[in-house]
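Report on the structure given below.
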Amino acid sequence: MRDQEIDKVSALNLGGDDFITKPFRPKELVARVRVVLRRYGAARGAQIVQKGNLMIDISKRMVQVKNKDIHLTPKEFSVLEHLYKNRHRVVSDRVIFEAVWGPGSKSLLATVYTHMERLRRKLGSYGPIVKTVSGVGYRFDERMEERRQK
């Protein structure tokens, strides 16, 4: 039987999130699982990006402009997500291509340019948030909203 204090302490020290002994009650097990899931969700950080009237919900893969849903294809959303997650640097077209389409993809690199154009068009007045850095690549322009307000 593993219900001694030393067993519990050892399990937690080895990286366990919790310890439950047999016999256990199903309601207690469900409650403990919920606690771990809440903790996991909080540790992942905010999954919602808000820039003025632009809202990107990473976890739900949803984009809204002025509270209106914007339909992005899975690839378009993945491009936007990749740019946002790398927002503190410029990302080359090749890096975007490999991250979104995969290194073994049979698609052409030019598909990145097509997706950037469609993404900007669908974002409307927020299209410039996807900034081209000439000769280098693309970046998520966090300062765009500040410039819009001036």
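Ordering Val35, Val49 from the fewest to the most neighbouring beta carbons within 10 Å gives Val35, Val49.
Between the amide H of Ser92 and those of Tyr138, distances stay under 5 Å, these residues lying 5 or more places away or on another chain, with hydrogens modeled in the peptide plane.
Residues Ile96, Ile70 in ascending order of nearby Cβ atoms (within 10 Å, fewest first): Ile70, Ile96. Taking Rg and Dmax of the Cα atoms in Å as calculated from this structure, the corresponding entry among [x] 22.1, 68; [y] 22.4, 73; [z] 18.2, 54 is [x]. Spin-label model, Arg87 to Val136: label points 7 Å out along the Cα-to-beta-carbon direction sit 1.8 nm apart. In terms of surrounding Cβ atoms within a 10 Å radius of their Cβ, Glu117, Glu81 rank from fewest to most as Glu117, Glu81. When only the Cβ of Lys, Arg, Asp and Glu is charged (+1, +1, -1, -1), the dipole of the chain relative to its Cα centre reaches about 520 debye.
The calculated 222 nm mean residue ellipticity attributable to helices in the chain amounts to -13500 deg cm²/dmol, summing -39500 (n - 2.57) over DSSP H runs of n ≥ 4 and dividing by all residues. Calculated FRET efficiency, Arg94 to Arg121, Cβ-Cβ distance, R0 = 41 Å: about 0.95 to the nearest 0.05.
With equal scatterers on the alpha carbons only and no solvent term, can you work out the Debye log10 of I(q)/I(0) for the stretch 63-123 at 0.20, 0.25, 0.28 1/Å? Evaluating at q = 0.20, 0.25, 0.28 Å⁻¹ gives log10 I(q)/I(0) of -0.77, -1.10, -1.28. Filter Lys85/Lys122; Lys51/Lys75; Lys27/Lys68 down to the pairs with a C-alpha to C-alpha distance above 31 Å, please. Too far apart for the 31 Å limit: Lys27/Lys68. Computed extension gain for His71 through Ile20, at 0.36 nm per residue and net of the alpha carbon distance, reaches 13.9 nm. Taking all Cα pairs closer than 8 Å and separated by 6 or more residues, the relative contact order of the stretch 70-149 comes to 38 percent.
Only the coordinates and a few stated rules stand behind these numbers; no lab work does. No experiment lies behind these values; they were computed from the predicted model shown. Reconstructed Cβ throughout: ideal geometry from the backbone, glycine too, with neighbour counts over all protein chains shown.
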